[in-house]
Amino acid sequence: MALRSLLLKLAAAAFSFSVSATAYVQKESIFAFSATDTGFQLGGPGLAPEIRVAPNDLPGVKRVANDLAADFGRVLGVDGTTVVADWDSTVSHKNNSRPVIILGTVGQSSLIDSLVDKKRLDTSGIAKKWETFSYQVVQTPWEGRNAVFVIAGSDMRGTVFGAYDVAQRIGVSPWHYWADVPPTKRQYIWASNTVYSEGPPSVKYRGIFLNDESPGLTGWGRAKFRVSQYGSPFVTDFYKLIFDLVLRLKANYVWPAMWSSMFYLDDTRNGPTATEYGVFMGTSHHEPMARADKEQGRFLRGAWDWKSNKAGVQTFMREGVTRSVNWTTIYTLGMRGSGDAASPSLDSSTLEEVIRWQQSTLTQVLGKPLSDIPQAWVMYKEVPGYLQKGMKVSDEITLLWSDDNRGNIRRIPSSSENARPGGSGMYYHFDYVGDPRNYKWINTIQLQKTWEQMTLAYDSGIHNIWIANVGDLKGLELPTAHFLALAWDRESFRDVASTKQWLKAWSALQFGEAAAEETASIMTTYGKLTARMKYEDLSRTPFAFSTLNYDEAETNLQEWTDLLSRAQRVHDSLPANVQVSFWEVVLHPVMAGRGVFEIYTKTALGSQYANEHRTSANKLAREVQAAFAADAEITRRFHSLLNGKWNNIMAQTHIGYTNWQEPPSNSLPRLSWVTSSARNALMGVSTQGSTTSFPGTTRLTLPAMSPYMSPSDRRWLEVYTRDNGTFTYSITSNASFVSISNPNRTLSAPGGTSDVRCILAVDWKSAPTGYSVASLTVTNLNATGTAATVILPIENYKVPDDFKGHVEANGVVSIEVEHSAPSPATSSEYMVVPDYGRTLSGVKLPPKTVSQSPGQGSVLVYPFYTFSNASAASLTVYLSPSENANPNSPNRYSFSVDGGSVTTVQPVPLTDGSTQPAGWAEAVIQGAYVKKSNLGRLAAGRHELRVWLLEPTMVLTKLVVDVGGLKASLLGPPESAIVGY
C-alpha cells in the first residue's frame with residue numbers, strides 16, 4: 001500500500017548494499033573461479049598457495065595461517081602450506097612458482113612492514129584501528145616476484161578476520177563444523193586487483209553466551225570430548241571449535257558454559273588458548289571477577305554474601321583476577337545473590353562499595369589504569385533498580401543493559417550515560433530458563449525483531465558490547481549469525497529490508513544460490529509463525545489459537561504445513577552433500593516445529609469435536625499420537641546424522657510444560673475420545689464460529705457474508721458422522737444466489753469419509769441489496785424427518801464509489817498498519833518494518849525520533865467505512881511486546897476518530913526498574929500488547945482513524961475497529977477488504 005512505498009523511500013535512498021550486511025554478495029568482485037578468469041592465480045588443479053607469516057608476528061596469526069591453508073584445501077582438494085619466514089628468506093625464494101599469500105599484522109610483522117617501507121603496500125587506511133583488515137594483490141613485491149596476495153590486519157584479530165574472510169569468500173562457511181556446511185569446490189581461484197578492506201567493527205566487543213546447556217550441549221559434549229575431573233566436557237578441544245566459529249563470524253567475546261562448568265578449571269589450557277586465538281573471555285551477569293558460579297561451592301570460604309562474609313568474598317574474587325592476569329578478559333563487576341538470584345542483603349550503597357573494591361583490585365593486580373581494563377556491570381533483572389534509586393557508578397564501567405529475556409530491550413541509555421568513557425552494552429536472549437516459560441529447544445527467533453531491537457540499541461548509543469545468550473548454540477545458528485553480522489557492521493543494516501537481503505545472501509553461502517531466495521522466504525515465514533507463540537507456551541489452557549473464530553487454529557496449522565512442504569521441496573532439490581546442513585538449520589526446525597503445533601492444535605480441535613460427538617475426534621486423537629511419535633523420531637534422526645556426530649544435542653524436552661520449568665520428559669496432552677452408542681443420532685452438522693451443533697439444536701446460524709469479507713475469509717458448514725454407520729445427506733438452499741460445495745455426499749464410519757466441509761459462495765450481482773437471509777436445509781436422506789436448518793445472514797451493502805480505505809464486514813474493520821492512506825497528513829517519518837510481528841509488518845518511529853506530543857507530529861491515517869450503527873464501538877490496538885525502554889518517556893500512543901478528541905494510552909505500566917511491568921507475561925507469551933479503548937457511538941458511514949506513536953521504542957502491528965462483531969482470538973480477525981487503491 002501507499003504508506004509502505006512512501007516510507008521505504010528515505011531508508012532505501014540511504015542504504016548501500018555494502019560488504020558486511022551480506023558480505024558474501026561481493027565475492028565475485030574480488031575472487032573469480034573459472035579457468036578463463038584473469039588476475040592473480042591463488043589456486044588451480046594441484047596448485048594451492050604458500051602462506052607466509054613473519055616470525056615476529058603474534059601466535060594467533062601463525063595459528064590462523066594453518067587454518068587458511070586447510071581452508072584452501074577444503075575448496076581446492078589440495079592444502080596450502082604455511083611458512084614462517086622473515087623478509088630476507090622470503091625474498092630469497094623469488095623463483096618459487098607457487099602463489100604466495102603474505103599474512104600479517106601492521107607494526108608486528110616484518111613482512112608487512114617491509115612491504116610498507118618499500119612503498120609496495122599502503123596500510124595507512126587500517127593502521128592503528130581496532131580489528132580492521134585489508135587484502136589485495138601487490139605487484140612486484142620484490143625483484144623476481146611478479147605479485148603476491150597480501151592480507152594485512154591492524155591488530156591480531158584484524159589479521160585473523162582477514163584470513164577467515166578470504167576463506168569464506170572462496171567457499172568455506174563459518175558454519176563448516178557447527179552446521180556441517182560443505183565447502184564450495186573450486187578448480188581455480190583468482191584474485192582481482194581490487195583493494196578490499198573491512199572494519200573497524202560497529203560494536204567493539206561482540207559475542208555469545210553458551211547457557212542453559214543441559215541436557216543438550218552437555219550430553220553431546222560428554223559423548224564427544226574428554227570429561228574434566230569436575231565432570232565437564234567443556235575442555236579446550238571443545239572451546240577451539242567455539243573460538244573458530246566466533247572468529248569466523250568476526251566476533252571476539254565469549255561467556256563460557258556455566259551450569260556445571262568452570263572455564264578456567266575444567267581445562268587449564270582454556271584460558272591460554274582463548275588468548276592465543278584472540279578471544280576475550282567473560283563471565284555471566286552473576287559471576288563477577290572471572291570466577292564461575294560453580295567455583296563458589298568448591299572454593300569460597302563462607303557464604304556468598306558481602307555483608308556477612310566480606311573477607312571471604314574478597315579473597316575469592318581477587319583469586320579470579322590473579323588467575324586471569326595474562327589472559328584476554330572482560331571483567332564482570334557488581335554482585336547478585338547466589339545461584340543467579342537477587343541478593344537479599346545488597347542495596348545501592350553496598351553495591352557502590354563492592355564495585356569500588358573490585359576496581360581497586362583490578363588496578364592493583366593487573367597493574368593497569370581502569371581505562372585500559374575492559375569491565376562490565378550487567379543490568380539484569382533487579383539490577384537496574386539500584387541505578388534507579390540513585391546509585392553512583394564509575395564512568396569506566398560499561399553498563400551492559402539487558403532485554404527482558406524474551407527479546408525486548410528493557411532500557412536504553414540516557415545521553416549522560418552515553419557520554420561515559422565505559423559506554424553501554426546489550427545482553428540479549430535467544431534462549432532462556434525462567435518465567436513465564438523456558439525456551440531452550442530450537443530456534444524461535446524472528447530476525448526482523450532482532451533487527452528492530454538492536455537497531456534501537458545501536459542508535460541509542462549502545463556500541464561497546466553486544467552479547468547474545470545462544471543456549472546450546474546448535475539449533476540457534478541462524479539468529480547467532482544474524483546478531484553478529486549486525487554487530488560487525490551495523491551501517492550495512494540501515495535499510496528496513498536488509499534482514500531479508502542478508503538472509504538471502506547467508507542462505508546462498510550455506511546452501512547455494514539456487515536455493516537462496518526460497519530459503520530466505522521460508523525462514524522469514526518461520527520467524528513470523530514462531531513470533532505468534534513459542535513451542536513451550538503452547539500447552540497453556542485454553543489453547544491460545546481460537547478453534548472457533550476466524551478459522552484461526554486451522555489456518556495457523558495450515559501455514560505450518562505449507563511451509564514444511566516448501567522446505568521439503570528445497571531440501572530434495574539440493575545436492576546430497578548440502579542436504580544435511582539444510583536439514584539441520586532449515587528443514588528440522590520447520591518439521592519439528594510444525595509437529596509440535598500439530599499436537600496442540602489437533603488436541604484442541606479434538607476436544608471441540610468430542611463435544612459434538614464426532615467420530616473423527618478419535619481420528620484426531622490418533623493423529624496427535626502419531627505426531628508425538630514423529631517428534632521423537634525427528635529427534636532420533638537428528639542424533640543419527642553423520643554417524644551420530646550430533647548425538648544427544650536435541651535432547652531438550654519441549655512438550656508438556658505445566659509451569660515455567662521444563663518437564664522431565666515430553667508428554668502427550670490429554671486427548672479427547674468418543675465412544676459409539678446406538679442412542680446417538682448418526683448425522684451431525686456444525687457451522688463455522690458456533691459452539692452449538694445439530695442434533696443438539698435444529699437451527700444453526702453462520703456469521704454473515706459480505707462482498708467486503710477478507711480475501712482469506714470464507715463461510716462453511718460441516719456434516720459428519722456421530723456414530724458408526726453410513727448415511728447420505730443433501731443440502732438445499734432457498735436462495736438461488738447462494739451456492740455450496742459438496743451438496744450431496746455419503747458419509748461412513750469407521751473406515752470411510754466421516755467429515756465433509758461445505759464452502760458457501762454468493763453471487764453478489766444476483767443477491768438482493770442490503771440485508772437479507774438465506775436458509776439452507778441439511779437432510780439425512782436415510783432418516784426421514786432428520787434435517788438441520790442453517791441460516792446465512794447476507795450483508796450486500798456498497799460503499800460510495802469515491803471512498804478509499806478499509807471496509808467493515810461482519811461487524812469489524814481489521815487493519816494491517818502498513819496499509820494507511822496516501823494522505824499528506826501521513827508522515828514519512830514512520831518506518832515500515834516488513835515481515836515483523838505475527839501477521840504482516842510493523843510500523844514505528846525511527847530510533848532517534850524525539851518523543852511526540854499527543855495528537856501532534858507524525859500521524860498515521862486510516863480511512864474506514866462501516867455499515868453498522870454501533871452504540872458502543874471500540875478500538876483494539878496490537879503492539880509488539882516492547883518495554884518502556886526510555887524510563888523518562890514511557891511507551892504511549894494517541895488516536896482520534898473523525899477529528900474528535902484525542903485519547904492517549906500507555907500500554908506498558910512503569911516499574912521501579914527491578915521488576916517486570918504488570919501484564920508482561922501475557923504480552924510476551926502472545927507476542928503482543930493488546931489494548932482496547934472505547935470509542936462510544938459510531939454511526940454508519942465514512943470515518944477516519946488517526947494514530948500517533950509517541951515514542952520510538954514501540955512498534956504498532958495491527959488495528960481493529962469493533963462495531964459489534966469482534967470475536968475472541970489470538971491474532972485478531974484477518975484484514976478487511978481495502979477499496980479504492
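The values are calculated or read from the model by the stated rules, or taken from the named source; none is laboratory data. All values reported here derive from a predicted model rather than from experimental measurement. Glycine also receives a Cβ, built like all others from the backbone with ideal geometry; neighbour counts cover every protein chain displayed.
Select from segment 860-885 the residues that are closer than 30 Å to residue 407 by Cα, crowded, with 20+ Cβ neighbours inside 10 Å and of a type outside the set (Gly, Ala, Ser) and list them in ascending order.
Those that are closer than 30 Å to residue 407 by Cα, crowded, with 20+ Cβ neighbours inside 10 Å and of a type outside the set (Gly, Ala, Ser): 860, 862, 875, 877, 878, 879, 881, 883, 884.
Taking into account only those residues within segment 890-911 that are of a type in the set (Val, Ile, Thr) and either touching a helix residue (DSSP H, G or I) at 6+ places or on another chain (Cβ under 6 Å) or within 27 Å of residue 383 (Cβ to Cβ) (or both), which is surrounded by the most Cβ atoms within 10 Å (Cβ to Cβ)?
In the first step, residues of segment 890-911 are kept if they are of a type in the set (Val, Ile, Thr); the result is 897, 902-905, 908, 911.
Restricting the remaining residues to those that are either touching a helix residue (DSSP H, G or I) at 6+ places or on another chain (Cβ under 6 Å) or within 27 Å of residue 383 (Cβ to Cβ) (or both) gives 908, 911.
Values: 908: 25, 911: 18.
Top of the filtered list is 908.
Scan segment 845-876 residue by residue and report those that are closer than 23 Å to residue 941 by Cβ and among the hydrophobic types (A, V, I, L, M, F, W, C).
The answer is 859, 860, 861, 864, 867, 870, 872, 873, 875.
Going by the structure shown, is residue 710 at pLDDT below 95, among the hydroxyl-bearing types (Ser, Thr, Tyr) and farther than 25 Å from residue 471 by Cβ? Spell out how you get there, then give the answer.
Working: at pLDDT below 95: yes; among the hydroxyl-bearing types (Ser, Thr, Tyr): yes; farther than 25 Å from residue 471 by Cβ: yes.
Taking the combined requirement at face value, the residue satisfies it.
From the list 232, 324, exactly one residue is farther than 24 Å from residue 405 by Cβ, in contact with an Asp or Glu (Cβ under 6 Å, 6 or more places away or on another chain) and not aromatic (Phe, Trp, Tyr). Which is it?
Being farther than 24 Å from residue 405 by Cβ, in contact with an Asp or Glu (Cβ under 6 Å, 6 or more places away or on another chain) and not aromatic (Phe, Trp, Tyr) holds for just one of 232, 324, which is 232.
If you go through segment 295-315 one residue at a time, how many are out of contact with any helix residue (DSSP H, G or I) (no Cβ under 9 Å at 6 or more places or on another chain) and over 17 Å from residue 354 (Cα atoms)?
1
Within the bounds of segment 455-465, is there any residue that is touching a residue at least 40 places away in the same chain (Cβ under 8 Å), among the acidic types (Asp, Glu) and farther than 22 Å from residue 378 by Cα?
Here is the first cut: in segment 455-465, the residues touching a residue at least 40 places away in the same chain (Cβ under 8 Å) are 455-465.
Narrowing further to those that are among the acidic types (Asp, Glu): 459.
From what is left, the residues that are farther than 22 Å from residue 378 by Cα are none.
Checking segment 455-465: not a single residue is touching a residue at least 40 places away in the same chain (Cβ under 8 Å), among the acidic types (Asp, Glu) and farther than 22 Å from residue 378 by Cα.
Could you tell me which numbered condition residue 352 fails, if it satisfies all but one of (1) touching a helix residue (DSSP H, G or I) at 6+ places or on another chain (Cβ under 7 Å); (2) surrounded by fewer than 18 Cβ atoms within 10 Å (Cβ to Cβ)?
(1)
Are any of the residues in segment 834-847 among the aromatic types (Phe, Trp, Tyr) and modelled with pLDDT under 95? Break it down stepwise before answering.
In the first step, residues of segment 834-847 are kept if they are among the aromatic types (Phe, Trp, Tyr); the result is 836.
Adding the requirement that they be modelled with pLDDT under 95 leaves none.
No, segment 834-847 has no match at all.
Against the condition of a type in the set (Ser, Thr, Tyr), farther than 30 Å from residue 677 by Cα and not assigned by TED's automatic domain parsing to the domain that holds residue 811, how does residue 736 come out, does it pass?
On the way: of a type in the set (Ser, Thr, Tyr): yes; farther than 30 Å from residue 677 by Cα: yes; not assigned by TED's automatic domain parsing to the domain that holds residue 811: yes.
Yes; evaluated as a whole, the condition is true for this residue.
Here's a check for you: in segment 929-976, which residue that is crowded, with 21+ Cβ neighbours inside 10 Å and of a type in the set (Gly, Ala, Ser) is farthest from residue 866 (Cα to Cα)?
972
Checking residue 681 against (1) under 30 Å from residue 813 (Cα atoms); (2) in a loop (DSSP other than H, G, I, E, B), only one condition comes out false. Which one?
Looking at each condition in turn, residue 681 falls short on (1).
Check off (1) over 23 Å from the mean Cα position of the chain (by Cα); (2) closer than 30 Å to residue 498 by Cβ; (3) assigned to a strand (DSSP E or B) for residue 865 and give me the number that stays unchecked.
Failed condition: (2).
Would you pick out the residues in segment 130-155 that are β-branched (Val, Ile, Thr) and either outside any loop (DSSP other than H, G, I, E, B) or more than 29 Å from residue 487 (Cα to Cα) (or both)? Spell out how you get there, then give the answer.
Filtering segment 130-155 for residues β-branched (Val, Ile, Thr) gives 132, 137-138, 140, 148, 150-151.
Scanning segment 130-155 gives 137, 138, 140, 148, 150, 151.
Among the helices (runs of 4 or more DSSP H) confined wholly to segment 307-423, which include 1 or more residues that are within 29 Å of the chain's Cα centre (by Cα) and in contact (Cβ under 8 Å) with a residue 40 or more places away in the chain? So that I can check it myself, show each step before the final result.
Numbers: elements: 310-323, 348-366, 384-388, 415-418.
Correct list: 384-388, 415-418.
Among the residues of segment 113-140, which ones are closer than 24 Å to residue 32 by Cα, buried (at least 20 other Cβ atoms within 10 Å of the Cβ) and hydroxyl-bearing (Ser, Thr, Tyr)?
132, 134, 135
Quick check, is residue 691 part of a loop (DSSP other than H, G, I, E, B) and at pLDDT below 95?
Details: part of a loop (DSSP other than H, G, I, E, B): yes; at pLDDT below 95: no.
Criteria not met by residue 691.
Take the residues of segment 659-674 that are hydroxyl-bearing (Ser, Thr, Tyr) and surrounded by 11 or more Cβ atoms within 10 Å (Cβ to Cβ): which is nearest to residue 606 (Cα to Cα)? I'd like the intermediate steps shown before the answer.
Pass one, segment 659-674, residues hydroxyl-bearing (Ser, Thr, Tyr): 665, 667, 672.
Now narrow it down to the ones that are surrounded by 11 or more Cβ atoms within 10 Å (Cβ to Cβ): 667, 672.
Details: 667: 17, 672: 6 Å.
Among them, the one singled out is 672.
Would segment 42-59 turn up any residue that is of a type in the set (A, V, I, L, M), farther than 16 Å from residue 149 by Cβ and either surrounded by fewer than 18 Cβ atoms within 10 Å (Cβ to Cβ) or in contact with a Cys (Cβ under 6 Å, 6 or more places away or on another chain) (or both)? Even if it seems obvious, please write down each step before you answer.
To start, the set of residues in segment 42-59 that are of a type in the set (A, V, I, L, M) comprises 42, 47-48, 51, 53-54, 58.
Next, from what is left, pick out any that are farther than 16 Å from residue 149 by Cβ: 58.
Cutting the leftovers down to either surrounded by fewer than 18 Cβ atoms within 10 Å (Cβ to Cβ) or in contact with a Cys (Cβ under 6 Å, 6 or more places away or on another chain) (or both) gives us none.
No, segment 42-59 contains no residue that is of a type in the set (A, V, I, L, M), farther than 16 Å from residue 149 by Cβ and either surrounded by fewer than 18 Cβ atoms within 10 Å (Cβ to Cβ) or in contact with a Cys (Cβ under 6 Å, 6 or more places away or on another chain) (or both).
Looking only at segment 249-271, which residues are in contact (Cβ under 8 Å) with a residue 40 or more places away in the chain and either in a helix (DSSP H, G or I) or over 21 Å from residue 432 (Cβ atoms) (or both)?
Within segment 249-271, 249, 250, 252, 264, 271 qualify.
Give the residues of segment 635-648 that are surrounded by 15 or more Cβ atoms within 10 Å (Cβ to Cβ), among the hydrophobic types (A, V, I, L, M, F, W, C) and in a helix (DSSP H, G or I), sorted by residue number.
638, 641
So, in segment 271-305, exactly how many residues are at positive phi and surrounded by 18 or more Cβ atoms within 10 Å (Cβ to Cβ)? Quick ask: steps written out before the conclusion?
Going residue by residue through segment 271-305, those that are at positive phi are 278, 289-290, 302.
Restricting the remaining residues to those that are surrounded by 18 or more Cβ atoms within 10 Å (Cβ to Cβ) gives 278, 289-290.
Residues meeting the conditions: 3.
Collect the residues in segment 715-741 that are part of a loop (DSSP other than H, G, I, E, B) and either among the aliphatic types (A, V, I, L, M) or surrounded by 14 or more Cβ atoms within 10 Å (Cβ to Cβ) (or both), keeping them in residue-number order. If you could, list the steps in order and put the result at the bottom.
Of the residues in segment 715-741, the ones part of a loop (DSSP other than H, G, I, E, B) are 722-724, 734-737, 741.
Correct list: 722, 723, 724, 735, 737.
Of the conditions (1) touching a Phe, Trp or Tyr at 6+ places or on another chain (Cβ under 9 Å); (2) at pLDDT 95 or above; (3) not polar (S, T, N, Q), residue 331 fails just one. Which one is it?
(1)
Among the residues of segment 218-248, count how many are surrounded by fewer than 17 Cβ atoms within 10 Å (Cβ to Cβ), at negative phi and in a loop (DSSP other than H, G, I, E, B).
4
Considering every residue within segment 14-26, establish whether at least one is within 17 Å of residue 167 (Cβ to Cβ), modelled with pLDDT of 50 or more and out of contact with any Ser or Thr (no Cβ under 7 Å at 6 or more places or on another chain).
No, there is no match, as no residue in segment 14-26 is within 17 Å of residue 167 (Cβ to Cβ), modelled with pLDDT of 50 or more and out of contact with any Ser or Thr (no Cβ under 7 Å at 6 or more places or on another chain).
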